[in-house]
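The values are calculated or read from the model by the stated rules, or taken from the named source; none is laboratory data. Just so it is clear, the model here is predicted, and its values are computed rather than measured. Glycine also receives a Cβ, built like all others from the backbone with ideal geometry; neighbour counts cover every protein chain displayed.
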Amino acid sequence: MFSYKYTMLNELSKRIKDQALQHYFPPIIWLIQNFEGDLIDEYGIPINADDYLEEALENQEGFSKDVLELNKIRTLYKTLFTQRHCFILSELSQFEELIFDLVNPKMINGAVISGRALIGLVERVVAMLNKSMVIH
């Protein structure tokens, strides 16, 4: 169940040796729809949606195979995706507003790149990963 996602993230983390490349990873936006309950921490103190996400990414206690594998996935997400946001959507229209407010044009060295150029870059990175090359 978890092995494919873990393998993909693990391979990315092995091949990306330069920590400065982390800023090229997009922000993770976790959307929760139809959330029933209260956003509170383990002590009953109200928290915001971003705090809820961070708590979900905290490693869990235990040594079972599932717990250890999930903790590896959590660690990889926190390492590779340093910008994380969580939003609770009460209406689908909020999603559209959210995207337009948060998504900025992709840039490399201060220059905006087009969708076509971004696809070309992604294709080259995937080809390098498939050839087991290290990305510097």
### Task
Tally the residues that are under 20 Å from TYR52 (Cβ atoms) and touching a Pro at 6+ places or on another chain (Cβ under 6 Å), restricting the search to region 86-122.
0
### Residues of region 73-94 satisfying the condition of being assigned to a helix (DSSP H, G or I) and either surrounded by 11 or more Cβ atoms within 10 Å (Cβ to Cβ) or not polar (S, T, N, Q) (or both)
ILE73, ARG74, THR75, LEU76, TYR77, LYS78, THR79, LEU80, LEU92, GLN94
### Message
From the list VAL67, VAL125, exactly one residue is within 16 Å of PHE25 (Cα to Cα) and hydrophobic (A, V, I, L, M, F, W, C). Which is it?
### Response
VAL125
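Residues are listed down the side, and each one gets a yes or a no for (1) in contact with a Lys or Arg (Cβ under 9 Å, 6 or more places away or on another chain); (2) in a helix (DSSP H, G or I); (3) farther than 23 Å from GLU96 by Cα; (4) not acidic (Asp, Glu):
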{"residue": "ILE32", "(1), (2), (3), (4)": "no, no, no, yes"}
{"residue": "GLU36", "(1), (2), (3), (4)": "no, no, no, no"}
{"residue": "ASP51", "(1), (2), (3), (4)": "no, yes, no, no"}
{"residue": "GLU54", "(1), (2), (3), (4)": "yes, yes, yes, no"}
{"residue": "GLU61", "(1), (2), (3), (4)": "no, no, yes, no"}
{"residue": "ASP66", "(1), (2), (3), (4)": "no, yes, yes, no"}
{"residue": "ASN71", "(1), (2), (3), (4)": "no, yes, yes, yes"}
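Residues LEU57, LEU102, LEU68: which one is out of contact with any helix residue (DSSP H, G or I) (no Cβ under 8 Å at 6 or more places or on another chain), modelled with pLDDT of 85 or more and not charged (D, E, K, R)?
On the way: LEU57 fails: out of contact with any helix residue (DSSP H, G or I) (no Cβ under 8 Å at 6 or more places or on another chain); LEU102 fails: modelled with pLDDT of 85 or more.
Within the list LEU57, LEU102, LEU68, the selection yields LEU68.
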